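What follows is one structure encoded as structure tokens, with my remarks underneath.
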Amino acid sequence: MAANTRYEPAPQRDSFEERGYTQPPPSYQATAEYSQAPRSEDDNVPDDFKFGGMVAEGTLPIRMQFVRKVYAILTAQLLLTTIMSSISFFSDSYRLWIQSNFWLMIVSVFGALGFMLVTYWKRKSYPANLLFLTAFTVLEAYSISVVTSFYDARIVVQALILTLGMFVALTLFACQTKYDFTNWMPYLFGALWFLILFGFVAAFLPNSSTVELIYSGLAALIFSGYILVDTQLIMRHYHVEEEIAASISLYLDILNLFLAILRILNNQQNN
């Protein structure tokens, strides 16, 4: 029986002739729709997901909106400080009161420092950030009003005009130039600590107009540099919800520059 068995080869199928799957491959256009094409400014994706939440990675309208917020807050802070500082020049009783209650000056300095830290901590929490910012600005403005009450009104106005003029000029220069001033940060930080130590040592030295002029001149240079740095950091460092932190940095730069110019003008008048 085994001798009569016939062996026939098994039928072979060509895999390319298989008709089980007849759907054509997707076209190039359909495939491209699944690719990660750049998002436009008008799509429905939230802004934070468009550019990772950083201002530097945002679209132009987002960056400009952030800048407007920063300078709007800064303008409100400066206006409040100017109003509170000018009261002592129109009310003798108020000027005598703030000068005789110097302990309030100390409280306002440490209170402003505390509220500034809390504001940085809650800088993305609305409306708590605005409440803490208002408290910080009021206390800081009161401290400035106490300082300016000891100076002649004409010198204060001159210092204010010079400070605003320098701030506008430095801001425009920082925005237009291609030079990266943020590289100055470690040098300015070291210079600031040198200024603090210089002022601490000068406090134990006999009163000298030359030493005060040198100190004030160094302070003006340092905080002018900080204005350049902080202006460029607005577009490179902050998150889209950190406009308050950016405005505080510029606000402190302007105040310190103003105080330095005020001391320089007063020194020149006395000599």
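Every number here is computed from the coordinates shown, using simple stated rules; none is lab data. From a predicted model like this one, the values you see are computed outputs, not experimental measurements. Note: ideal-geometry Cβ built from the backbone for every residue, glycine included; neighbour counts use all protein chains shown.
The phi torsions of the range 234-249, fed into the Karplus equation with coefficients 6.51, -1.76 and 1.60 and a -60° offset, translate into couplings of 4, 8, 10, 10, 8, 7, 5, 9, 10, 5, 5, 4, 5, 5, 5, 4 Hz, rounded to whole numbers, with Gly and Pro shown as x.
Subtracting the Cα-Cα distance of LYS178 and PHE150 from their residue separation scaled by 0.36 nm leaves 5.9 nm. Packing-based ranking of 250-261, 80-91 yields 250-261, 80-91, ordered from highest to lowest mean Cβ neighbour count within 10 Å.
Rounded to the nearest 0.05, what FRET efficiency do MET105 and VAL168 have when you use their Cβ-Cβ distance and R0 = 30 Å?
FRET efficiency, MET105 to VAL168: 0.50.
Approximating the spin labels as points 7 Å out from Cα along Cα→Cβ, the MET185-to-TYR71 distance works out to 2.3 nm. Note on THR210 and HIS239: the extension gain reaches 6.1 nm, defined as 0.36 nm multiplied by sequence separation minus the Cα-Cα distance. The residue among VAL146, THR59, LEU192 whose Cα reaches farthest toward the positive pole of the charge dipole of the range 54-270, with charges on the beta-carbon of Lys, Arg, Asp and Glu, is THR59.
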